[in-house]
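All remarks here apply to the structure that follows.
The values are calculated or read from the model by the stated rules, or taken from the named source; none is laboratory data. Here the structure is a predicted model, which means the values were calculated and not measured. Positions of Cβ are backbone-derived with ideal geometry, glycine not excepted, and every protein chain shown enters the neighbour counts.
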Amino acid sequence: NSIVIIVDIFRASTTMVAAFAHGAKGILPVASTEEAEETGKRLGALIAAERNVVRCDFAQLGNDPAEYTTDLVSGREIVFTTTNGTRALTIAREHGAEEILVGALTNLRATIDYCQRSGRDVVVLAAGWKGQASMEDMLYAGAFTVEARAIAGDDTTRMVRDLWQDHAATLDARTEYIKSSDHYVRLEKAGFADCVTYCMSLSLFDLVLRLEDGWLRAL
């Protein structure tokens with residue numbers, strides 16, 4: 001009966017928030033590139049597909065928030081698949097999560113407010129990278145704990161809270177700190193490091209992203 005928040009700060013959840021902030025109508029997350037290509041063509045939707053940081057050849061969009069401009073995505077539906085973020089969404093659905101949100105630092109406050117109004121427990125499901133934990137997703141969990149004034153009832157919650165308070169209290173601090181992470185290095189090598197400051201920015205958008213009948217919608 002918990003709310004499950006899917007988090008992939010670098011970059012799927014941040015990118016999905018950006019898409020809705022620029023007017024996207026809906027996002028259909030799918031697990032595979034084959035499904036993304038087939039479904040996108042069948043629906044006449046935009047196809048966003050990324051594997052190992054780079055955009056797939058058949059897709060109009062990759063996984064960088066800067067690509068999702070108003071001119072391109074406003075009023076459009078998007079079929080979306082990424083290396084880690086959409087996999088986490090699939091896992092949550094397969095394990096029977098009743099309510100699934102997508103969270104980013106850029107919509108943190110709106111997500112916290114929604115969860116607090118519900119009065120339900122919250123599980124932050126961090127996508128990580130191919131089964132390994134990612135520092136940027138741990139920062140989100142810490143930010144949620146601190147900003148929501150959540151009770152740190154276990155060691156994991158205390159650790160992510162301390163990580164946020166010790167290293168990420170300001171945008172400059174967390175942007176600098178995250179440069180030591182594995183995923184930052186991947187982004188830098190692929191030429192996408194410019195997105196990092198944006199991905200580390202707090203509460204830019206008053207949007208809650210919720211999964212409804214397989215589609216993400218903005219509330």
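So the values come out like this:
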| quantity | calculated |
| --- | --- |
| Close pairs (8 angstrom Cβ cut-off, 6 or more residues apart or separate chains): under 22 Å from Gly62 (Cα atoms) and of a type outside the set (Val, Ile, Thr) in segment 82-96, at pLDDT 90 or above and part of a helix (DSSP H, G or I) anywhere | Asn84/Ala12; Gly85/Ala12; Gly85/Ser13; Gly85/Met16 |
| Qualifying residue in segment 120-129 (condition: of a type outside the set (Ser, Thr, Tyr), in a loop (DSSP other than H, G, I, E, B) and touching a Gly at 6+ places or on another chain (Cβ under 6 Å)) | yes |
| Any pair with Cβ under 8 angstrom, 6 or more apart, that starts in segment 37-49 at a residue that is more than 16 Å from Ala12 (Cα to Cα) and touching a residue at least 60 places away in the same chain (Cβ under 8 Å) and ends at one that is among the basic types (Lys, Arg) and outside any strand (DSSP E or B) | none |
| Scan of segment 174-219 for residues that are surrounded by 14 or more Cβ atoms within 10 Å (Cβ to Cβ), assigned to a helix (DSSP H, G or I) and hydrophobic (A, V, I, L, M, F, W, C), ordered by number | Ile178, Leu187, Ala193, Cys195, Val196, Cys199 |
| Count - residues of segment 130-149 that are touching a residue at least 12 places away in the same chain (Cβ under 8 Å), of a type in the set (A, V, I, L, M) and not in a helix (DSSP H, G or I) | 1 |
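A quick yes/no check of all residues on (1) in a helix (DSSP H, G or I); (2) loosely packed, with under 15 Cβ neighbours inside 10 Å:
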residue: Ala24; (1), (2): no, no
residue: Glu37; (1), (2): yes, no
residue: Ile47; (1), (2): no, no
residue: Asp57; (1), (2): no, yes
residue: Asn63; (1), (2): no, no
residue: Asn107; (1), (2): yes, no
residue: Thr111; (1), (2): yes, no
residue: Arg117; (1), (2): yes, yes
